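Following: one structure in structure tokens, then a few remarks.
The values are calculated or read from the model by the stated rules, or taken from the named source; none is laboratory data. Just so it is clear, the structure is predicted and the values come from calculations on it, not from any experiment. Please note: Cβ atoms are built from the backbone with ideal geometry, for glycine as well, and neighbour counts cover all protein chains shown. Surface areas here come from the heavy atoms of the whole protein model, side chains and all, with no ligands, DNA or RNA. Shrake-Rupley method; radii C 1.70, N 1.55, O 1.52, S 1.80 Å.
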Amino acid sequence: MNVRVGIVMGSANDKPTMQHAADALTELGVGSEMKVLSAHRTPDALRGWVSGLEGRGVRVVIAGAGLAAHLAGAIAGHTTMPVIGVPLAGSSSIAGGLDALLSTVQMPRGIPVATVAVGEGGAANAGILAAQILATGDEELRERVKAHRKAMAAKVLASS
Ligand code: RP5
């Protein structure tokens, strides 16, 4: 699978949550790469990673971070690729992830970040959303996304 989505997170502690984004993409047949980089702790390395993405075939970025979650916004300032932000509820979060949600979602006009829900569900949705974005220019992927949606509906209906 060609790598088409870059998944980045602010800490190795975020890996189990962000793995849900990678899993959703794998399920839809979309290749991704994962990296730990921080807007605050490794700003130069982050910029270097972002500048290499397009050349490697990446077209959408998913960024997960907790606390003062500036990772997605910092990346969005360095690229015109769509950036999806996943707010995370870190162990020292003061508000169960609400802090990260506000940090991620409140972008200044002109530099958008598509922000999903806090935590695992948000990470999975980020993967699905990235696939949907790529599917606008990929008919086969579009069919896989539709099949995934149908399978989910069938599962819900079968559960009652
Ligand atoms: C953020 O701060 C990371 O994304 C992580 O969610 C949070 C805490 O980082 P650690 O102290 O666990 O490395 O930058």
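Pull out a ≥ b ≥ c, the square roots of the eigenvalues of the alpha-carbon gyration tensor of the chain, then state rounded if a/c is under 1.5, prolate if not and a/b is larger than b/c, and oblate in the remaining case.
oblate
In straight-distance terms, cross-link reach from LYS35 covers every one of the lysines whose alpha-carbon lies under 30 Å from its own, apart from those fewer than eight places away in the same chain; here that gives LYS15, LYS146.
Applying the Karplus relation 6.51 cos²θ - 1.76 cosθ + 1.60 with θ = phi - 60° to region 7-20 yields 3J(HN,Hα) values of 10, 10, 9, x, 8, 4, 5, 7, 4, x, 5, 6, 4, 5 Hz, where x marks Gly and Pro.
Placing pseudo-labels 7 Å out from each Cα toward the beta carbon at SER160 and ALA68 gives an inter-label distance of 4.9 nm.
Here the gap between ASP23 and HIS148, fully extended at 0.36 nm per residue and compared with their Cα-Cα distance, gives a gain of 43.7 nm. Database remark: amide H of LEU67 closer than 5 angstrom to the amide H of LEU88, GLY90, ALA100 (H placed geometrically; neighbours at sequence offset of 5 or more, or on other chains; Pro and chain starts carry no H). Computed with a 1.4 Å probe over protein heavy atoms only, the accessible surface of the chain comes to 53 Å² per residue. Phi angles across region 68-73 convert, under the Karplus curve 6.51 cos²θ - 1.76 cosθ + 1.60 with θ = phi - 60°, into 3J(HN,Hα) values of 7, 7, 9, 4, 4, x Hz, Gly and Pro given as x.
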